[in-house]
Amino acid sequence: MRRRARQRVALYAAVAAGGFRRYATYGTATAAGVFTNTVFGFIVAFTYIALWEQRPGLGGYDQAQALTFVWVSQSLLAAGALIGGGFQEELQERVRTGDIAVDLYRPADLQMWWLAADLGRAAFQLLGRGLVPLAAGALVFRLALPSDPSRWLLFLVSVALGLVVSFALRYMLGLLAFWLLDGSGINLMATVVSIFFSGMLLPLTVFPGAFGEFVRVLPWAAMLQVPLDVLLGEHAGAGDAAGALGFQAGWVLVLLGAGRLLQSAATRKVVVQGG
């Protein structure tokens, strides 16, 4: 059993490394993404400055914290596939063409295979498209980046949990191709929902009343809002930090479990399209 477990770990580690190397080959696309994230970051940052000058303390953040929210969000944008660019389109295409049959015959779990590959992709995007925009923002604006190493460690754990939540949601989108065959419409709807409910457009703390409380308990909040609040010290106490990470871990378990059930239903009624 131990040997088999070690083999499984080695297999998924190799898949993750392959996902990292795959995206590392697209140097031009990465450079274009860095440029786009940086330019968009400046646009959003100046918009936030104007907004926070009119409404100081909006959402519970001062201006430096709001700008930190902007630039760290830009650094996580590609890694979390918040506006697309993840694996789900490829999975849907493999279902449509029938290549999914090859995936199902692999001596590996389908969900774990795609999770490992997506985490490899996300790791590259964090390094390739995350560091430069954040550095550019820190050079131009006064950001509220913490100096406490433990806060950064908690932030990285929160980011990792957020990436798994993002994967779990997109995995279910990919599996819907077993019934829809064409996932372009559902992908577009999912992107709009992600932009609005993750906090990418505006921090979720800005939304008032019951609606604000509602959006902060949805899984999309675990992808961006929670990691940013951990970094900004909104969950500074040990209990608060544990609660934030527990919130994310809870959604990880729920969504991976739901994906597992959907996968089981999909594979029971596989219809191979194509050759």
I'd like the full set of residues that are open to solvent by 100 Å² or more (accessible area, probe 1.4 Å) and over 15 Å from PHE124 (Cβ atoms), limited to the range 10-39.
PHE35
So which pairs qualify, if the first residue must be in the range 52-79 and over 17 Å from THR30 (Cα atoms) and without any contact (Cβ under 8 Å) to a residue 12 or more places away in the chain, the second must be open to solvent by less than 30 Å² (accessible area, probe 1.4 Å) and of a type outside the set (D, E, K, R), the Cβ gap must be under 9 Å, and the two must be at least 6 apart or on different chains?
none
Out of all the residues in the range 182-193, is one or more under 22 Å from GLY98 (Cα atoms), crowded, with 21+ Cβ neighbours inside 10 Å, touching a residue at least 12 places away in the same chain (Cβ under 8 Å) and touching a helix residue (DSSP H, G or I) at 6+ places or on another chain (Cβ under 6 Å)?
yes
Would you check which residues across the range 103-124 are open to solvent by 30 Å² or more (accessible area, probe 1.4 Å) and within 20 Å of the chain's Cα centre (by Cα) and list them?
MET112, TRP113, LEU119, ALA123
Quick check on my filter: what residues within the range 194-214 are small (Gly, Ala, Ser) and surrounded by 19 or more Cβ atoms within 10 Å (Cβ to Cβ)?
SER194, SER198, GLY199
Please go through the range 103-114 and pick out each residue that is without any contact (Cβ under 8 Å) to a residue 60 or more places away in the chain and either in a helix (DSSP H, G or I) or among the acidic types (Asp, Glu) (or both).
ASP103, TYR105, ASP109
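Could you say whether any residue in the range 166-178 is hydroxyl-bearing (Ser, Thr, Tyr) and modelled with pLDDT of 90 or more?
Scanning the range 166-178, I find at least one residue that is hydroxyl-bearing (Ser, Thr, Tyr) and modelled with pLDDT of 90 or more, so the answer is yes.
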Name the single residue that is surrounded by the most Cβ atoms within 10 Å (Cβ to Cβ) among those in the range 90-102 being closer than 19 Å to ASP182 by Cα and out of contact with any Leu (no Cβ under 9 Å at 6 or more places or on another chain).
ARG94
Pick from GLY199, GLY183, GLY237, GLY274: which is at pLDDT below 90 and on the phi > 0 side of the Ramachandran plot?
GLY274
Which ones in the range 130-139 are surrounded by 14 or more Cβ atoms within 10 Å (Cβ to Cβ) and out of contact with any Ser or Thr (no Cβ under 6 Å at 6 or more places or on another chain)?
VAL132, GLY137, ALA138
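Identify, please: which residue in the range 130-140 is of a type outside the set (A, V, I, L, M, F, W, C) and more than 20 Å from LEU161 (Cβ to Cβ) and is, among those, nearest to the chain's Cα centre (by Cα)?
The residue in question is PRO133.
The values are calculated or read from the model by the stated rules, or taken from the named source; none is laboratory data. Note that this is a predicted model, so its numbers are computed, not measured. No Cβ is skipped: glycine too gets one built from the backbone with ideal geometry, and neighbour counts run over all protein chains shown. Accessible surface areas use protein heavy atoms only, side chains included; no ligands, DNA or RNA. Shrake-Rupley method; radii C 1.70, N 1.55, O 1.52, S 1.80 Å.
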